[in-house]
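The values are calculated or read from the model by the stated rules, or taken from the named source; none is laboratory data. Given the structure is predicted, the values throughout are model-derived calculations rather than measurements. Methodologically, a virtual Cβ is constructed for each residue, glycine included, from the backbone with ideal geometry; neighbour enumeration extends over all protein chains shown.
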Amino acid sequence: MDLRKATYGLLAAAATLWVFLAPSYWVFIATTAVLLAITTLGLTVVVGWVREVSLVQAGLVGTAMYVSGYLYRAEGGLGWPFLAAAAVGIGVVVLLSVLVSLSTARLSGVYILVLTLGLQITIERTIFANLKLTTGEGSAATLVTPRPALPGLSFASDRAFYLLCLALLGVVLLFLSRLRNLRFGRSLLLVGTDRQAAASVGISPWRYKIFAFVLSGFLAGVAGVLTAPLFGTPPYPFAFFAFTSLAYLAIPVVAGFGSLLGVVLVAVFYGLAPQALEPMRISPLILAGFGVAVGTLAGRAGLSGVVQNYLRARRPVEVVARTGAQEHAEPVLAGSAR
Amino acid sequence: MRSTNRRSRILVGLGLVGALTLAACADGDSTSSTAGGPPKAPTPEAGSPAATDAPSEATEGDAGAAVPNTDAAVSAGGDPSASATPGAPTAGPKSKGGASASTPGAASASSPSGGSGSGSVDSGGVSPGPGGPQAGAPTPRSQTPAASAAASAAKGGATDVGVTDKEIKVGAIYMHGMQLASFMPKPMERLIEAQLRVMNDQGGIHGRKFKYIGCDDGVPDAARTRACYKKLVEQDKIFAFLGGLTFNSGLIQPDIERDKVPALAPGSLYRSEWENPWSFAIHMGMEHEAHAGGQWVVDVLKPKKIGLLCLNNAEMQATCDASTAVMKKAGIKVVHRVTTSAETPDMSGDVLAMRAADPDHIIHYTTHPAATARFMLDASQQDYWPPKGVSGNHMAGEFAGALIGNYPAKHGYWTNTTYKLWGPELVSWSRKYVPDQEGLHNHVMQGQWWSTNVFFDVLKKMGPNVTREGLKQALETGEYTTGPGLDQKFMWSPKGRNAHGTGARREFMYKAVHSDWAATKDAAATPGGLVPDPDRFVIEDTFD
Amino acid sequence: MSLVAALTYNSDLLRPALVLGVAAAGLYGLLAVSLVLTYRVSRTIGFVQGGIALAGAYLYRSLTIGSEQTTTNEGLGFVPALVITVAAGAAVGAVYGAVVTGKRMANYPRIVVTMFSLASLLLLAGFSTTLIPADEGRVPSAFGTGVVKIFGGVATVHQVATVAILLALVGLLTVALRCTRTGIFIRAIADDVDASRVVGIPLTRMGSSVYVFSGAIAALAGVLLASSVGTAMPNILFIFLRALIVAVLGGLTSLPLALAGCLLLGVAETSLTAGVFGLVPTDQRELLVMGLIFGLVFVINRLRPIRVLEATGF
């Protein structure tokens, strides 16, 4: 087994086993970081692969959270089964993503950026302002969304819920890495790299961009429907305002689009660092700004690009020659740089 | 290549199965705070509008685990040794027939009464009068000092979570990442830390010194708020929460109730902090403020139509609904209601709409002084002010007057607040021990300072056998008064949390005369620019 | 109440709403101008301008009022404080420009540079709020407290002055971009960077100059906002995001269209809020305003040459 697989295996084992030793509040924070990773992996598809910018990801996560939470909880909600509520929550944000993506037929670049920003602000002023969905009507409302349960499996504890989210993250990572190596995925990448070249070989940029936005919305929805039961009492809407969307965007950029694992690691760091540095009482703005500045200054391909260049430089030439034929077959989580 | 792919798939599949198996086995782990499922919402019966009572003396008891003490003197010059804050009022339960900290023209709250004379609380000794513990409810176990000491010694001083023979751990969550951190969370935390420090310098209580652990939840960030809670309760194992200010405090109320952690002097921004039996709020609930303030408007200003300015969150919308109910009952029309958000930069359109609706008076419920100030400044710029002025809550901060300028004072502005401003004992104490607090006192800080003193007194009277349950029972027993400086009292028994004549329903109405609301330099420490309303200073919610 | 049923027309409110709406446009205008200038030379969103505006507001406040709370007036006069603040904004713009046009970042993908710009905003906001604690009060305006009654509406002298400054600046810049050598260079860079390099236009110097000038404008915006909305970080950043949205009306390349966008937003928002068309609930108001702006974006996009509008992506 080569070094890369061993590294992945070790990371997976560490990510799974550490919770049995860690205090509960770290498990909780790590779960939020895992959900953040799922969200930003979705963003990577849009920003990194098809090269459009979306500033509505936080709004979509919040929408899925509130809609599914309202449908799922019995008190202050409709008491639906969790999977049905989740499906509707995800469906709503996928629909919003489709609406945005339709405009990519005519617009691109800065227009899509601002359109998504406009949608984010609209969500804040409409969906998030609906008290029935979000915090409940009346000041006495303290809504509690219970953790879901599958037959024989309960996720009531933080540890169990973390492992569930981690498993989902693993599925998402595998799916995206497989997708990228399929013909469909390569078409997506081509649309982002050179739209005209894609069109000239019969690939419809518009259709693929729609798919990218749909996939991004889907992953935001998955993260959102898991956020409600994670917190129990849903966070107030200001946790999903426009600047949170900007922060989400920074993660795949800092990580670099070439590595899905890099996005996950940066997201996890972003989730854990503020709590780790809490005793220092540093302004969250300074902390975030410093992190993003370092990440962007590190290199044009992000932090993962720096790591990949370093590893590539250390690789013996004979190994490259010997394994060259097999490179394409590797389960690539750290993809080749474009 | 094919075999490599198959092997990878098998490994991944095994990994997933393993993860799910671990997830199933991980349920019920001891480090989890959600074992048994997420917490339920706080039980609402304590704050139920139906449960109104007249204030009455709930119980009395001897020193020890139960607090009520018949000789608690409520005066500004209380026994200094009984408090960590020399010169501060002794905060303790009011004795039957003792001096009532009433003010001239006070609302009809009768002084606490009922029950037998001084004596300990023991089984059957509690008179089940209104506001007191109900018959059949557990009575505070009485312990003599010797018994308390023996009980503590038997446990090696570790009488409960967060308590050892040497220290008591307390904690709080503050949103230090908010923009106004230097004006609200930081000075509030500084004040409580100073109180704890002074108490430690005096030797602590029963040989135990206080260890304070603060946690910063950022702007606030919901994930960090919850992580702070878990850290303080599960990792640091604090005995109780003391103080704190975060917009996310409502999120953790179910956890506080589930984990049975006393939360003293919370920010009191949410009704759930009143309804949670483990939370001991120190500021009047918003809906009661709406009723009390609304009734003042009806009786004193007598408008025919009013306008409302409300923040777009559940608490403030409910508060505005409560105000609307008062107006409706009095036959006063609500002609326009503005719903605003904290980040709205320009309210001139709302001012224009309000002007067109032409209310006689406007009432604001926005929690955040800056949001209220924005409307008032835009209104003053358009030279618009309703003929009978503007009133509202949550503006009682020394720095808030300067935010709105002199226009409101010139044209009529009132604000209601839970404590008399600013409290000579508080101001003199903070001038001595925390000089940086000058100009930064606010109504929540008043309550937190006083409540910290209550905490000290209760612990002293409990004796060495300090327990969470004992603290809760002690706080639920009797009436706690601030002294004439702050002139307020609270009862935290299930029925007392809604009692008339206490801070749950009784407040003070101040009229603005100019924009400098800072405490005067003399000992009275009154706000120069705010004076007691000459028509009705003490207001009360008698609406429900 | 449905939107259709709610719509009525209150003519009495129209003129005052127009006046206030135009005044509100002044809040967004200067930031939109600095965003357009930055975008033209770099094809990146200049989030740093929002940070400069915020820092400028705080700096101006600390120089004039001179204390934490809006109670005293112990500082410098308005003019020296304005000069220092604008100079500081220009300096920050220069530093930022030097970094992004320097050897390291000059060839970075645009999305990375945009994120660096965001990082700059966060750092400026963080340091401002940490080093200059300030309540959210408004700084007394350099133009005094007078009001002007226009067509039944009331605007402050400060608001009128802000709009006048905005109009003058847009006019001057439009003329400068068309008629001066520097302006032509900037337009050339905006149209085709490679061709500009080939013909010998000093890209780095031009780019840096634009960043300096944009920084100065953003700082001026902060000074004016300090008196309009106060040193309120959420409000200033909200205004910045709105400015970004309206500037897209012209594809972030046209100053006149950005100005038009600001006017449209200001007037539409104020009219709907004031009740010119009846009492429209807040959520529906937002949908209407956003729908109007993006509807116009589509229309203008169809009418203007594609080449001018097309962003080259990241």
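Only a single criterion out of (1) buried (at least 21 other Cβ atoms within 10 Å of the Cβ); (2) assigned to a loop (DSSP other than H, G, I, E, B); (3) of a type in the set (V, I, T); (4) within 14 Å of another protein chain (Cβ to nearest Cβ) is not satisfied by B:I282, namely (4). A search for C-beta distances below 9 Å between a residue of segment C:104-125 that is more than 7 Å from every other protein chain (Cβ to nearest Cβ) and any residue that is crowded, with 24+ Cβ neighbours inside 10 Å and of a type in the set (K, R), counting only pairs 6+ apart in sequence or on different chains, returns nothing.
Restricted to segment C:177-210, and to residues there that are within 19 Å of the chain's Cα centre (by Cα) and within 20 Å of C:G250 (Cβ to Cβ), the residue that is modelled with the lowest pLDDT is C:L177.
Scanning segment B:203-249 for residues that are touching a residue at least 40 places away in the same chain (Cβ under 8 Å) and in a helix (DSSP H, G or I) returns B:T225, B:C228, B:Y229, B:K230, B:L232, B:V233, B:E234, B:S249. In this structure, C:G266 does not qualify as within 11 Å of chain B (Cβ to nearest Cβ), in contact (Cβ under 8 Å) with a residue 24 or more places away in the chain, in a loop (DSSP other than H, G, I, E, B) and among the small types (G, A, S). With respect to A:V144, is the statement that it is on the phi < 0 side of the Ramachandran plot and either surrounded by fewer than 20 Cβ atoms within 10 Å (Cβ to Cβ) or modelled with pLDDT of 90 or more (or both) true? Criteria not met by A:V144.
The condition (being away from chain A (no Cβ under 11 Å) and either modelled with pLDDT under 95 or more than 20 Å from B:H283 (Cα to Cα) (or both)) is satisfied by just one residue among B:F210, B:F241, B:F247: B:F210. Within 30 Å of B:L471 (Cβ to Cβ) and either surrounded by fewer than 23 Cβ atoms within 10 Å (Cβ to Cβ) or within 14 Å of chain C (Cβ to nearest Cβ) (or both) - does that describe any residue in segment B:294-309? No - not one qualifying residue is present in segment B:294-309. Only a single item in (1) in a loop (DSSP other than H, G, I, E, B); (2) surrounded by fewer than 24 Cβ atoms within 10 Å (Cβ to Cβ); (3) not aromatic (F, W, Y) is not met by B:V466, and it is number (2). Are any of the residues in segment B:322-330 surrounded by fewer than 19 Cβ atoms within 10 Å (Cβ to Cβ) and not basic (K, R)? Within segment B:322-330 (the criterion being surrounded by fewer than 19 Cβ atoms within 10 Å (Cβ to Cβ) and not basic (K, R)), the answer is yes, since at least one residue qualifies. Here A:T104 meets the list (1) out of contact with any Lys or Arg (no Cβ under 9 Å at 6 or more places or on another chain); (2) in a helix (DSSP H, G or I); (3) within 14 Å of chain C (Cβ to nearest Cβ); (4) in contact (Cβ under 8 Å) with a residue 40 or more places away in the chain almost entirely, failing just condition (1).
Put simply, of A:F218, A:F213 the only residue that is in contact (Cβ under 8 Å) with a residue 40 or more places away in the chain, more than 14 Å from chain C (Cβ to nearest Cβ) and surrounded by fewer than 24 Cβ atoms within 10 Å (Cβ to Cβ) is A:F218. Every residue in segment A:272-302 that is among the hydrophobic types (A, V, I, L, M, F, W, C) and within 12 Å of chain C (Cβ to nearest Cβ), please. Answer for segment A:272-302, where residues must be among the hydrophobic types (A, V, I, L, M, F, W, C) and within 12 Å of chain C (Cβ to nearest Cβ): A:I282, A:L285, A:I286, A:L287, A:A288, A:F290, A:V292, A:A293, A:V294, A:L297, A:A298, A:A301. The number of residues in segment C:285-302 that are within 14 Å of chain B (Cβ to nearest Cβ) and of a type outside the set (V, I, T) comes to 3. Regarding segment A:119-128, can at least one residue be identified that is touching a Lys or Arg at 6+ places or on another chain (Cβ under 9 Å), free of Cβ contacts under 8 Å to residues at least 60 places away in the same chain, within 29 Å of C:L249 (Cβ to Cβ) and not in a strand (DSSP E or B)? The answer is yes, given that some residue of segment A:119-128 is touching a Lys or Arg at 6+ places or on another chain (Cβ under 9 Å), free of Cβ contacts under 8 Å to residues at least 60 places away in the same chain, within 29 Å of C:L249 (Cβ to Cβ) and not in a strand (DSSP E or B). For segment B:335-358, the set of residues classified as at the interface with chain C (Cβ under 7 Å from one of its Cβ atoms) and part of a loop (DSSP other than H, G, I, E, B) consists of B:A342, B:E343, B:P345, B:D346, listed by residue number. Here the helices (runs of 4 or more DSSP H) wholly within segment C:143-225 that include at least 3 residues being farther than 28 Å from C:L20 by Cα, away from every other protein chain (no Cβ under 13 Å) and of a type in the set (V, I, T) are C:181-191.
Of the candidates A:G79, A:G91, the single residue that is away from chain C (no Cβ under 14 Å), part of a helix (DSSP H, G or I), farther than 14 Å from A:F240 by Cβ and of a type outside the set (A, V, I, L, M, F, W, C) is A:G91.
Within segment B:378-398, if we keep just the residues that are part of a loop (DSSP other than H, G, I, E, B) and surrounded by fewer than 24 Cβ atoms within 10 Å (Cβ to Cβ), the residue that is nearest to the other protein chains (Cβ to nearest Cβ) turns out to be B:Q382.
Give segment A:23-70 a look and list any residue that's in a helix (DSSP H, G or I) and among the hydroxyl-bearing types (S, T, Y), or say none.
As a first pass, look at segment A:23-70 and keep what is in a helix (DSSP H, G or I): A:24-49, A:57-70.
A:S24, A:Y25, A:T31, A:T32, A:T39, A:T40, A:T44, A:T63, A:Y66, A:S68, A:Y70 - these are the residues of segment A:23-70 that are in a helix (DSSP H, G or I) and among the hydroxyl-bearing types (S, T, Y).
For segment C:241-259, a residue qualifies if it is part of a loop (DSSP other than H, G, I, E, B) and more than 12 Å from every other protein chain (Cβ to nearest Cβ), and exactly one does: C:S254. Considering (1) modelled with pLDDT under 85; (2) more than 10 Å from chain B (Cβ to nearest Cβ), the lone condition that C:T282 does not fulfil carries the number (2).
Confirm whether A:T134 is more than 14 Å from chain C (Cβ to nearest Cβ), under 23 Å from the mean Cα position of the chain (by Cα) and either in a loop (DSSP other than H, G, I, E, B) or of a type in the set (S, T, N, Q) (or both). Judged against the criteria, A:T134 is not a match.
Out of A:F269, A:F238, A:F257, which single residue is more than 7 Å from every other protein chain (Cβ to nearest Cβ), farther than 15 Å from A:I38 by Cα and either not in a helix (DSSP H, G or I) or not basic (K, R) (or both)?
The unique qualifying residue is A:F238.
Put simply, of A:L261, A:L303 the only residue that is modelled with pLDDT of 85 or more and under 18 Å from A:A247 (Cβ atoms) is A:L303. Per this entry, B:V444 is counted among residues that are more than 14 Å from every other protein chain (Cβ to nearest Cβ) and under 29 Å from C:A226 (Cβ atoms).
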